Amino acid sequence: MQRFPCPFCGLRDEREFRFAGEAGKTRPDTTQEVSDKEWANYLFFCKNAKGPTCEIWVHTTCQEYFVMERDSATMEVLDTTPMRKDVA
Amino acid sequence: MTGHRIETRGLIDRSKPLSFRFDGKTYHGVQGDTVASALLASGVRIFGRSFKYHRPRGVWGAWFDDPNAVVDIEFGGITYPNCQATTTQLIEGLVVRSVNAWPTAQRDLKGVLDFAHRFLPAGFYYKTFMWPDWHLFEPIIRRMAGIGTLNTDVQDNFEAAILHDHCETLVIGGGLAGLMAARTAAKAGKSVLMIDDHPEFGGSSYRYPNDAADAPSNWVDEQLSAIEDAGGRVLSNTTAIGVYDHQAVSILTDRGVGVAPVVRKLRPENVIVATGAVDRPITFSNNDRPGLMSLDAGAEFLARYGVLVGHQIAILTNRPDAANVAAQLENAGANVDLLDPKSGAAKTIGSQTIKGLQLAGHTHTCDTILASAGLTPMVHLWRHAGGKLDWDEGRQTFVPSTGPDWMRVIGAANGTFERDALEEEARSAALNAPSPKRRIYSIPPLLPDTNNTEGRQWIDFQHDVTLKDVALAHRENMVSVEHLKRYTTLGMAGDQGKTSNVAGLAAMAALKGQKIPEVGTTTFRPPFVPIPLEAYRGAHRDTQVAPLKRLTLEPDHRALGAALGEYGGWLRPAWYGEDDEKSAVTRECQMARSAAAIMDSSALGAIEVIGPDARAFVNFVYYNTMSNLKPGRIRYGFMLTEGGLVFDDGVMACVDDTRFIISCSSSHADAVMAHLEHWRQDSFDPDRVHIHDTTQNWSTVTIAGPMSRAIVEELGVLDTLEDLPHMALKFGAFEGVQARVARVSFTGDTSFEISVPNSSVSKLWQQAIAVGKPHGAGPVGAEALIVLRAEKGYIIVGKDTEGETMPHDLGFGAPRLRKSAAFVGDRSLHTDNANREDRKQLVGLSVDSGEPLLPVGAHIVTGQGPDRRSLGYVTSSHDSVALERPISLALISGGLAAMGEKVEICHMGSSRHATITSSCAFDIEGTRIDA
């Protein structure tokens, strides 16, 4: 069982969190032409890096999404920051 | 009689006799015995039969490292399968049965398999029984294989407590090194918890009663008092089962047969691992015979249980301390031969028990052999924590190298086998000081001889893996350790390779011409020892896992004689009254179509979306256009995943431009809430749109049917129903409390949903029932509702849809072609796959009146012989009361373009026919909705 620091609630057990995706992905503007490849890249392809990664997680008990930097090999949590700019 | 109890030695209480049964005979032991020590003391040698060849087997180890003596135990009317005889504490009245042996271990009818061994190499079953079909042979092979017999009864009172605990320093293993470390850490002011899996602390110290000025138990007691005086805690009968992420450790306290264990989870700042080492078997011909044990087992059975394992004992080992053990055994009355295993090829004599040992051409008569090819440190917990291992040539085994700074491995687990080196190592670990350098220690290599695979030389006793099997794996190119393990099942038995791994790896290394560290080790995974599943489950069962959601109206439903059932996590009325299910459902369906159904719809999700960007938000999360939904109006729609799949369906009401009420599937409210929150924070300004789940705050009474208008008028929630058309929402009041009235198509008839705060709903419900009665209306449960909705082709997402279903597969194709604004899943609806004409689409299936129901899951098939294939399957099937015939919904490839076609339905080998129809079977024109 890992422990993650929610930027709003502090250190909590892994079971309170859900992974929501890799950070830095932007949804293509679907009112414009989006190629199959571009959409597939957005929808399915992840870097899945071994080592330091930057991911979006949600703390399901407070429902806030945040950015978590962690090492996917050592499981060390490097940093967590809120997605909302005004509370940073 | 070979093994027997002596007058002295042991931690047992000879004044407290215990009786138990083993394979139908009564035996006696004493307080402090394990099942194994009591049987050995009674002269029993054969404890069970091996997994594959049904060879007679006795104990190898004295504790968790024994791979052979696995038994089923019956106690208090309950069977506990696959217990280790060596670690199970004896209590009065146990009924012990050997496993994998029929009728008993002594006389095993399936032992005939042993003569067929040359036909049973690794992979034999898979290779031989592939043709024509493995499944033909599987049942009988499975019956012959396997070990214990599982008890399928649920034991309500056998529930492990799972606790959370805390300490600064956790010391795992209370032997010599662990006691020293725990004492030092406690005295230095740390909060210490020390655990040991034995009932008594002290580890191997009892094996050497003569070399201390004081008796070992006095020394142990002194350490324990010092630890407890300094504020430390100790737990016996407790084993560390695993080390997990972020320094989590789980420990399990065994409380004896018949009592569920206690699991504690903790995150210590420091963990000191002092788990000791176990003997490795020597790989030689017939080295699995009963009476051949590990060197330490001989010493332990004597030291802890006062059992001398034989009279004429041959010791075969490269361990330098063997003479010490020999002296102990001789003191206890045995004749001991100390033999050098390097002197030549060895072979045991005797089949049911040892009669002698052949070594380098000489025959040594003996009744017992104690063997060891050196000690294997128990490094499992270190590996769980991510620590690395080094091959130590001198010790001929893997020892801890670099790893996490919060864990230290000391004592024999670290390869420190010299007792005079323990103090300094334990002290440095306890005080977090640098570790002393490992001493030089050298034993002659005693690895499997791959040039001599003659006879059968066991490597993994429990899974019957011999040196020949490893050689076969090598010939067939299963050379990676992970392949070797899975191909031969080496190290996959209950002991998880504790005894077999090093020999297996060494054999493969020799065959590949590599060094052992180049072959590597397999992954060490928790649990360290087999533990009952209850230890994982704890109280997490039934409603403790998924608590039932309860309706505010539950007492009212009960008062009406409702049969309650679970629907999507809610306890809801299934039907009302004393009738059986079929009559009740038929009656309720008839009432709904002829008068009105009064239903509790409170379980439907009610999620409010509020804020200046609420309209833009709902337009984005819905497949259907919601941007033009006027205040006071309602629209049906789908939510999709970003992959374009149908995620939920339901209606949404617009209260005003900044407030919308989403009604979602009752089982799905939590998931929909999470889905909406995701998009709110991902794609919107969270300060301008807010989502609030009000499912638990409101209750809803739905009145649906031709008489519903008259009933709702009498209830007087709204002044008039004239300006409330289908799919509209109005606010009114019920007895002075705010109420919402929504017109939606719940059953296909005119329907009114009246929502009030929970506190008012009981009154509303009772009044609706009272007002409805003269109109012929009454309460209708979930079972009838499902039929009523199925008649209209109203889908249940997840039942009538699957993991590929998109909205146009359900006949809702318009927004896909026309909606210009972006919405979740939009682009996914326009891939080649989404455009295919042979997609599985939702249709109805009709069969003639009088025919039985089409079974759910039955396949729609086409073609004959090798061309026969499935086009889809039946998703829902009901007896329609209104239509007086069975109705079905099905997902069929290209179904929407095949209306009216006759198709073949195949189920469990029998074949029928049905006609593809529209999914809506009742009132297809929809005239009843505004009747």
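Laboratory data are not the source of any read-out in this text; all were calculated from the coordinates shown. Quick caveat: nothing in here was measured; it's all calculated off a predicted structure. With ideal geometry, Cβ positions are generated from the backbone for all residues, glycine too; neighbour counts draw on all protein chains shown.
Points worth noting:
- When each of A:R84, B:R57 is scored by the number of other beta-carbon atoms lying within 10 Å, the sequence from fewest to most is A:R84, B:R57.
- The smallest convex shape that holds all Cα atoms of chain B, its convex hull, gives 225 Å³ per residue.
- Residues within the reach of a label modelled at B:D449 (point 7 angstrom out along Cα to beta-carbon, backbone nitrogen below 14 Å), restricted to the stretch B:343-374, are B:343-348, B:358-362.
- Rounded if a/c under 1.5, otherwise prolate or oblate - the stretch B:200-308, Cα gyration tensor axes: oblate
- Relative to the longest principal axis of the Cα atoms of chain B, the long axis of helix B:216-229 lies at roughly 40 degrees.
- B:D165-B:H483 pseudo-label distance in nm [points 7 Å out on the Cα-to-Cβ vector]: 4.4
- With a Förster radius of 25 Å applied to the beta-carbon distance between B:Q590 and B:D848, the computed FRET efficiency rounds to 0.70.
- Potential lengthening between B:E735 and B:H311 on full extension [0.36 nm per residue; Cα-Cα distance subtracted]: 143.3 nm
- Using θ = phi - 60° in the Karplus curve 6.51 cos²θ - 1.76 cosθ + 1.60, the 3J(HN,Hα) couplings for the stretch B:299-306 round to 6, 5, 4, 6, 6, 9, 10, x Hz; x is entered for Gly and Pro.
- Under 15 Å from a label point set 7 Å out along the Cα-to-Cβ vector of B:D221, the amide N atoms of the stretch B:176-201 belong to B:200-201.
- Mean residue ellipticity, 222 nm, helices only, the protein assembly as shown: the sum of -39500 (n - 2.57) across DSSP H runs of n ≥ 4, divided by residue count and rounded to 500, is -6000 deg cm²/dmol.
- Percent of beta bridges antiparallel (DSSP, the stretch B:453-574, rounded to nearest 5): 75
- Fewest-first ranking of B:D719, B:D33, B:D288, using other Cβ atoms within 10 Å as the exposure measure: B:D719, B:D288, B:D33
- Spatial offset of the stretch B:770-803 relative to the stretch B:853-900 amounts to 22 Å, using the alpha carbon center of each.
- Model label points for A:Q32 and A:D13, set 7 angstrom from Cα along the Cα-to-Cβ axis, are 4.7 nm apart.
- Using Cβ point charges alone (K and R +1, D and E -1), the dipole size of the stretch B:447-519 about the Cα centre works out to roughly 120 debye.
- Other protein chain C-beta atoms within 10 Å of residue C-beta, averaged over B:678-691: 3.
- FRET efficiency estimate (nearest 0.05) - Cβ-Cβ, B:I78 to B:S683, R0 41 angstrom: 0.15
- One decimal place: the segment B:D838-B:E901 gains 21.1 nm when fully extended, by the rule 0.36 nm per residue minus the C-alpha distance.
- Rounded to 0.05, the FRET efficiency of the B:D657 and B:H913 pair, given R0 = 60 Å and the Cβ-Cβ distance, is 0.65.
- Charge sum, other residues only, whose C-beta stays under 13 Å from A:A73's C-beta, Lys/Arg counted +1 and Asp/Glu -1: -1
- DSSP beta bridge pairing in the protein assembly as shown, given as percent antiparallel to the nearest 5: 80
- Tilt relative to chain B, helix B:322-331 - C-alpha long axis, 0 to 90 degrees, to 10: 80
- Ratio of Rg to Rh over the stretch B:447-519 (Cα coordinates, Kirkwood Rh, two decimals): 0.91
- Relative to the current alpha-carbon distance between B:A814 and B:V856, full extension at 0.36 nm per residue lengthens the span by 12.2 nm.
- Whether the stretch B:418-549 is rounded, prolate or oblate, judged on the alpha carbon gyration tensor where a/c under 1.5 counts as rounded: oblate
- Across B:K347/B:K468; B:K485/B:K515; B:K52/B:K468; A:K50/B:K388; B:K630/B:K819; B:K549/B:K730, pairs whose alpha-carbon gap is larger than 21 Å: B:K549/B:K730
- Which of B:I78, B:I369 has the fewest Cβ neighbours within 10 Å, and the rest in rising order: B:I78, B:I369
- Residue-count net charge about B:I313 - beta-carbon cut-off 13 Å; Lys, Arg +1, Asp, Glu -1: -3
- Here the label points at B:Q514 and B:K25, each 7 Å from Cα along the C-beta direction, are separated by 4.8 nm in the simple model.
- Net charge of Cβ neighbours under 15 Å - reference B:A790; Lys, Arg +1; Asp, Glu -1: -4
- Gyration tensor verdict on the stretch B:601-695 (Cα atoms; rounded if a/c is under 1.5, prolate if a/b is larger than b/c, oblate otherwise): rounded
- For a modelled paramagnetic label at B:A931, 7 Å from Cα along Cα-to-Cβ, the residues of the stretch B:573-601 in reach, with backbone nitrogen under 14 Å, are B:589-597.
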